[in-house]
Amino acid sequence: FLWLVDAAASRGHARSRRSTFLLSRLDATLCFVADAGEEDAASWEVGEVGGYECYIAAEDDDTGGDVAVYNANDEDDGGLLNVAAKSNTLNLVHRDAGIMRFVKYVGHLAPSSRWDVTVEYRVEVPGDGEGEGDCA
């Protein structure tokens, strides 16, 4: 599966004054869970046992909600993407600097634990054209 998160480029942070390159990230997550049975697979897919990978917009001030109480069913929480746990899958998500990633806790009713192999790559994305000749 290939998931892409495209947030507003204006939320990115400039790497330096001489360069307009924005740092974004490519998350590569290889996920393993026990989902051989239909009931097990359905509980992971619906997210009722937690364990899903979540991408949300980072809050700019202290008035926003707490990440610890994030609920996938809330409509206006700033959630951008939820990726359900599925065994033997590689999820690739390209995200801007203003996007946070976390895995929702795995509840005690989950059919198994969740095992991940995760790599985060930093990607330099050209900015709006100012200072194209500058290399830092």
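Numbers for the structure displayed
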quantity	calculated
Failed criterion for residue 59 (all others in (1) open to solvent by 70 Å² or more (accessible area, probe 1.4 Å); (2) modelled with pLDDT of 55 or more; (3) assigned to a strand (DSSP E or B) hold)	(3)
Some residue of region 14-21 being assigned to a strand (DSSP E or B), surrounded by 13 or more Cβ atoms within 10 Å (Cβ to Cβ) and at pLDDT below 55	yes
Criterion (modelled with pLDDT of 80 or more, acidic (Asp, Glu) and over 20 Å from residue 116 (Cα atoms)) met by exactly one of 38, 53, 48	38
In region 85-95, residue nearest to residue 56 (Cα to Cα) [restricted to those that are open to solvent by 30 Å² or more (accessible area, probe 1.4 Å) and either in contact with a helix residue (DSSP H, G or I) (Cβ under 6 Å, 6 or more places away or on another chain) or part of a loop (DSSP other than H, G, I, E, B) (or both)]	86
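One line per residue, one yes/no per condition, for (1) β-branched (Val, Ile, Thr); (2) modelled with pLDDT under 55; (3) farther than 25 Å from residue 30 by Cα:
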{"residue": "82", "(1), (2), (3)": "no, no, no"}
{"residue": "85", "(1), (2), (3)": "no, no, no"}
{"residue": "101", "(1), (2), (3)": "no, no, no"}
{"residue": "112", "(1), (2), (3)": "no, no, no"}
{"residue": "122", "(1), (2), (3)": "no, no, no"}
{"residue": "125", "(1), (2), (3)": "yes, no, no"}
{"residue": "132", "(1), (2), (3)": "no, yes, yes"}
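The values are calculated or read from the model by the stated rules, or taken from the named source; none is laboratory data. Only a predicted model underlies this, so the values are computations on that prediction, with no experimental measurement involved. Neighbour counts are summed over all protein chains in view; Cβ atoms, including those assigned to glycine, are modelled from backbone coordinates with ideal geometry. Side chains included, ligands, DNA and RNA excluded: accessible areas come from the protein's heavy atoms. Shrake-Rupley method; radii C 1.70, N 1.55, O 1.52, S 1.80 Å.
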